[in-house]
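A.B. asks: I'd like to ask some things about the structure below.
The values are calculated or read from the model by the stated rules, or taken from the named source; none is laboratory data. Since the model is a prediction, treat every value here as computed from it, not as a measurement. FYI the Cβ positions are ideal-geometry reconstructions off the backbone, even for glycines, and counts take in every protein chain you see. These area figures cover heavy atoms from the full protein model, side chains too; ligands, DNA and RNA do not enter into them. Shrake-Rupley method; radii C 1.70, N 1.55, O 1.52, S 1.80 Å.
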Amino acid sequence: MDNIRKIHHVCQIRLRKTFTTPRFYVALLWVLLEFQGTASGIRAFCKTLGIDVTFWILPFLTHRCFAQVMIALGALLLFCDAPFLEPDSSFQILRAGRKNWFWGNVLYLWILSLIYTVCLAILPVLLVFPYVGWENGWGKVLGLLTTDAAYNVEIEALNGLILSRFSVPQAMVLTMLAIWILTVMIGMAVYAGNFLVRRGFGVVIGCGIALTALLLSKFSNITIGYYCAPPLWMNIASYQWQGYGNGPSMAYVYSVFAAVIGTCTILSYLGIRKKDLNFVEEI
């Protein structure tokens, strides 16, 4: 029980620091700017028709490659200073112990990733406010914007496969889950790279993960790209679902996530027990 309390305390300290520094808000800001184009078109469409859009906008915004890259780069910005070895960390490690301090940081990484994901789900709703309301299912506006009606407000038509294959709860849960686990994966990859190799190496790994979506969509067969670029997994329309689709299955996607996160966690844990710790100022 004492170990759990120490882990929780380390996590709390990191969360307090996160919300008093600008990086979290900058990460949200540049995703907001990416969402703005599509959200402003939805808002104009609602204003023209005089009807509200439902809250379930996020799954239609994460199918664009550039949005996927920006979300992944936002995750990288959150954790670019992993493994969080700041001048006052020596005192925390002394009180909590290396193992508890490490697991406190891992818990922080999972919780902050979840908070980031929830904020991304809220951003589109804020961008279309006050033209937002409650309806059963996807609602009329999202249905119309999957057709040629989208061109009336000069935005790319929304992906109709999401409406046809998924219910609202399925689409929201799967999209947010993909964002959450991707953010954790990037965070753990940065943590392991910065700690086990050298500071900055993890950031290079994180950039590589984020940019796979852009590079593979431009230079590779798109079907192959869906198996090799984790940011593309935020587009749930690409999944194999109930026998439909040419993209990766859910089992494949989350097996890769689990393998990468598990490997990075284990290697970092083994390293934190033996490796010398070099403390630096917070970025």
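A.B. asks: Can you tell which of LEU94, LEU73, LEU49 is within 28 Å of GLY187 (Cα to Cα), touching a residue at least 12 places away in the same chain (Cβ under 8 Å) and of a type outside the set (D, E, K, R)?
C.D. replies: On the way: LEU94 fails: touching a residue at least 12 places away in the same chain (Cβ under 8 Å); LEU49 fails: within 28 Å of GLY187 (Cα to Cα).
On inspection, the qualifying residue turns out to be LEU73.
A.B. asks: Take the range 1-32 and flag every residue that is open to solvent by 40 Å² or more (accessible area, probe 1.4 Å) and in contact with a helix residue (DSSP H, G or I) (Cβ under 8 Å, 6 or more places away or on another chain). Please lay out each step first, then the result.
C.D. replies: The initial filter retains those residues of the range 1-32 that are open to solvent by 40 Å² or more (accessible area, probe 1.4 Å), namely 1-6, 8-9, 12, 16-17, 19-20, 22, 25-26, 29-30, 32.
Once the filter is applied, which keeps residues that are open to solvent by 40 Å² or more (accessible area, probe 1.4 Å) and in contact with a helix residue (DSSP H, G or I) (Cβ under 8 Å, 6 or more places away or on another chain), the range 1-32 yields ASN3, LYS6, HIS8, HIS9, VAL26, TRP30, LEU32.
A.B. asks: Output the qualifying pairs, or none if there are none: Cβ atoms under 8 angstrom, residues six or more apart or on different chains, first residue in the range 195-207 and free of Cβ contacts under 8 Å to residues at least 60 places away in the same chain and surrounded by 15 or more Cβ atoms within 10 Å (Cβ to Cβ), second residue assigned to a helix (DSSP H, G or I) and β-branched (Val, Ile, Thr).
C.D. replies: Here the result reads ILE205/VAL190, each pair linking the range 195-207 to a residue that is assigned to a helix (DSSP H, G or I) and β-branched (Val, Ile, Thr).
A.B. asks: Could you tell me how many of the residues in the range 164-180 are surrounded by fewer than 24 Cβ atoms within 10 Å (Cβ to Cβ) and touching a residue at least 40 places away in the same chain (Cβ under 8 Å)? Before you say what the answer is, go through the steps one by one.
C.D. replies: Applying the first criterion (surrounded by fewer than 24 Cβ atoms within 10 Å (Cβ to Cβ)) to the range 164-180 yields 164-174, 176-177, 180.
Among the residues that remain, those that are also touching a residue at least 40 places away in the same chain (Cβ under 8 Å) are: 165-166, 168, 171-172, 174, 176, 180.
Looking only at that region, the number is 8.
A.B. asks: Out of the range 22-74, which residues are part of a helix (DSSP H, G or I) and among the basic types (Lys, Arg)? Working first, answer last.
C.D. replies: Initially, the range 22-74 is screened for residues part of a helix (DSSP H, G or I), giving 23-49, 58-61, 65-74.
The answer is ARG23, ARG43, LYS47.
A.B. asks: Also, I was wondering about something else. Can you list residue pairs whose Cβ atoms sit under 6 Å apart, with the first residue in the range 99-125 being over 19 Å from ALA192 (Cβ atoms) and the second being outside any helix (DSSP H, G or I)? Count only pairs 6 or more apart in sequence or on different chains.
C.D. replies: PRO124/ILE57; VAL125/PHE55; VAL125/VAL132
A.B. asks: Could you list, in sequence order, all residues of the range 218-257 that are outside any helix (DSSP H, G or I), at pLDDT 75 or above and either exposed (fewer than 12 other Cβ atoms within 10 Å of the Cβ) or touching a His at 6+ places or on another chain (Cβ under 8 Å) (or both)? Spell out how you get there, then give the answer.
C.D. replies: We begin by selecting, within the range 218-257, every residue outside any helix (DSSP H, G or I); these are 220-221, 229, 235, 239-249.
If we keep only those that are at pLDDT 75 or above too, we end up with 229, 235, 239-240, 247-249.
Selection gives ASN235 alone.
A.B. asks: Taking the condition open to solvent by less than 70 Å² (accessible area, probe 1.4 Å), polar (S, T, N, Q) and touching a Phe, Trp or Tyr at 6+ places or on another chain (Cβ under 6 Å), does THR38 pass? Walk me through it before giving the result.
C.D. replies: Working: open to solvent by less than 70 Å² (accessible area, probe 1.4 Å): yes; polar (S, T, N, Q): yes; touching a Phe, Trp or Tyr at 6+ places or on another chain (Cβ under 6 Å): no.
Criteria not met by THR38.
A.B. asks: Let me ask something else about it. If only one of ALA75, ALA67 is open to solvent by less than 10 Å² (accessible area, probe 1.4 Å), aliphatic (A, V, I, L, M) and closer than 30 Å to LEU267 by Cα, which one is it?
C.D. replies: Details: ALA67 fails: closer than 30 Å to LEU267 by Cα.
Only one candidate qualifies: ALA75.
A.B. asks: Next question. Can you name the residue in the range 117-134 that is of a type outside the set (S, T, N, Q) and surrounded by 22 or more Cβ atoms within 10 Å (Cβ to Cβ) and, of all such residues, is farthest from LEU174 (Cα to Cα)? Give the steps one after another, and end with the answer.
C.D. replies: So in the range 117-134, the residues of a type outside the set (S, T, N, Q) come out as 118-134.
If we keep only those that are surrounded by 22 or more Cβ atoms within 10 Å (Cβ to Cβ) too, we end up with 120, 124, 128.
Numbers: LEU120: 14, PRO124: 17, VAL128: 22 Å.
Top of the filtered list is VAL128.
A.B. asks: Within the set of pairs 6+ apart or on separate chains, which have a first residue in the range 16-37 that is farther than 16 Å from PHE79 by Cα and charged (D, E, K, R), a second that is open to solvent by less than 60 Å² (accessible area, probe 1.4 Å) and assigned to a helix (DSSP H, G or I), and C-beta atoms under 9 Å apart?
C.D. replies: Close Cβ pairs satisfying both conditions: GLU34/LEU61; GLU34/ALA67; GLU34/VAL69; GLU34/MET70; GLU34/ILE71.
A.B. asks: Inspect the range 96-107 for any residue being more than 23 Å from ARG5 (Cα to Cα) and either of a type outside the set (A, V, I, L, M) or assigned to a helix (DSSP H, G or I) (or both) and give the result as yes or no.
C.D. replies: no
A.B. asks: Which condition breaks for GLY137 when tested against (1) small (Gly, Ala, Ser); (2) closer than 21 Å to ILE236 by Cα; (3) open to solvent by less than 30 Å² (accessible area, probe 1.4 Å)?
C.D. replies: So GLY137 meets the others, but not (3).
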